[in-house]
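Everything on this sheet refers to the single structure shown next.
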Amino acid sequence: MHRSFSRNTAELEAALGYRFRNAALLEEALTHKSYQHEHADRLQGFNERLEFLGDSVLGLAVAEKLFSIPETFTEADMSKMKAYLVNKNVLFDLGSSLQLGAYLNLGRGEESTEGRQKQSIVANAVEAIFGAIFLDAGYETVRDVILAQYGTRIDDIVSRRAWYDFKSALQERCQGAFGVLPDYRVIRQEGEEHRKIFTVDVFIKGSYYGRGVGKSKKDAQMAAAREALDKLAQLE
């Protein structure tokens, strides 16, 4: 397959901790549809089918890990944790740690719009790579690769309850106790367009109750809501 960049995929395999037996699977996982469409005369595949497969493999590996945690969680709690752990934000972080954008085959249009840094493209490629490893070596191997890439993220997220919907909890608390909704205000945006950091304050009936920082407004609001809930609990 013709490559649109100079990075040697051996470096990526080293970062993954896995060496492909069938290199064509890795190439397909790294090929975005925009690139395939521009080279349809000699390329047949791109990574969307592998992404579909990898999404299911990732979900199973994360679910199995959550089920093995000694603390007993309800099915609803585990579903929320799983959804949080496999969302695009987490996958983009994994892909960024692998410097995955540098290895992607992208069409000219995506190249010109910084496609190598786009959350959706990088996150989808991560899933495609997991799908490719599954086909290359089976479930147990890809599960081990996935858990190694996640590192302490799963245990950290579980212990910090980062998966919990603090915004909904604060809304219910405010409506019940004060008869109003919390008021979130973005007070600062920093960073480049595709790597912004948001700072959000939350107010209840005009009074400040918490601040949150995140890579999206939603993440920042969630962190602010958690701080507000902690403050309300202290006031009880």
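Once the piece of chain linking Gln189 and Leu147 is laid out straight, how much longer is it, given 0.36 nm per residue of separation minus the C-alpha distance between them? Write down the numbers at each step before the final one.
Numbers: separation 42, 0.36 × 42 = 15.12 nm, distance 3.27 nm.
Taking 0.36 nm per residue and subtracting the Cα distance, the gain is 11.9 nm.
Peptides 10-16, 67-73, ordered by how many other C-beta atoms sit within 10 Å of their residues on average, highest first, read 10-16, 67-73.
Partner lysines whose Cα lies under 30 Å from the Cα of Lys82, excluding those fewer than 8 positions away in the same chain, are identified as Lys33, Lys65, Lys118, Lys167, Lys196, Lys215, Lys217, Lys218, Lys231. For q = 0.14, 0.21, 0.24, 0.28 Å⁻¹, what log10 I(q)/I(0) does the range 166-235 give under the Debye formula with an equal point scatterer on each alpha carbon and no solvent? For the requested q values the scattering log ratios are -0.39, -0.77, -0.95, -1.19. Per-residue packing, averaged as other Cβ atoms within 10 Å, sorts the ranges 180-192, 46-58 into the order 46-58, 180-192, beginning with the highest.
P(r) tail for the range 3-112: Cα pairs beyond 19 Å make up 55% of the total. Axis angle, to the nearest 10 degrees, between helix 139-150 and the longest C-alpha principal axis of the chain: 50 degrees.
Annotation for Ser159 and Ala76: the two label points, set 7 Å from Cα along the Cα-Cβ direction, are 2.7 nm apart. Model label points for Arg211 and Phe178, set 7 angstrom from Cα along the Cα-to-Cβ axis, are 1.8 nm apart. For Gly210, the residues whose amide H sits under 5 Å from its own are Val202, ignoring neighbours fewer than 5 places away on the same chain, with H placed 1.01 Å from N. With respect to the chain, whose longest principal axis is taken over its alpha-carbon atoms, helix 48-68 is tilted by about 50°.
For the range 9-160, the relative contact order is 36 percent, taking Cα pairs closer than 8 Å that sit 6 or more residues apart in sequence and dividing their mean separation by the residue count.
The phi-based Karplus calculation (6.51 cos²θ - 1.76 cosθ + 1.60; θ = phi - 60°) puts the 3J(HN,Hα) values of the range 20-30 at 6, 7, 10, 4, 4, 5, 5, 4, 5, 5, 8 Hz, whole numbers, x for Gly and Pro.
Taking 0.36 nm per intervening residue step and subtracting the Cα-Cα distance, what contour gain separates Ala15 from Glu48 on full extension? Provide the component values of the computation, followed by the final result.
Details: separation 33, 0.36 × 33 = 11.88 nm, distance 2.24 nm.
Fully extending the segment from Ala15 to Glu48 adds 9.6 nm.
Charged neighbours of Ile187, selected by a Cβ distance under 13 Å, balance to +1 (K, R count +1; D, E count -1).
Rounded to the nearest 0.05, what FRET efficiency is calculated for His37 and Lys88 with R0 set to 22 Å and r the Cβ-Cβ distance? Could the numbers behind the result be given before it?
Values: r = 23 Å, r/R0 = 1.04.
Between His37 and Lys88 the formula returns 0.45.
With N as its number of residues, the chain has a Cα radius of gyration that, divided by 2.2 N^0.38 Å, comes to 1.18. For Val180, the residues whose amide H sits under 5 Å from its own are Gln175, ignoring neighbours fewer than 5 places away on the same chain, with H placed 1.01 Å from N.
At 222 nm, what helix-only mean residue ellipticity would the chain give, in deg cm²/dmol to the nearest 500, using -39500 (n - 2.57) for each DSSP H run of four or more? List each step's numbers first, then the result.
On the way: 12 runs with 138 residues, N = 236.
Taken over the chain, the calculation gives -18000 deg cm²/dmol.
In whole angstrom, note down how far apart the Cα centers of the range 16-41 and the range 160-194 are. Comparing the Cα centres of the range 16-41 and the range 160-194, I get a distance of 40 Å.
Any idea what angle helix 217-235 forms with the longest principal axis of the chain, computed on alpha-carbon atoms, 0 to 90 degrees, nearest 10? On a 0 to 90 degree scale, this one is about 30.
Of the beta bridges in the chain, as assigned by DSSP with both residues counted there, near 95 percent are antiparallel. Put a dot 7 Å past the Cα of Asp230, heading toward its Cβ, do the same for Ser96, and the two dots end up 2.2 nm apart.
Read-outs: derived from the displayed coordinates by stated rules, not from any lab. Bear in mind the structure is a predicted one, so any value in this text is a computation, not a measurement. Using ideal geometry, Cβ is built from the backbone for each residue, glycine included, and neighbour counts are taken over all protein chains shown.
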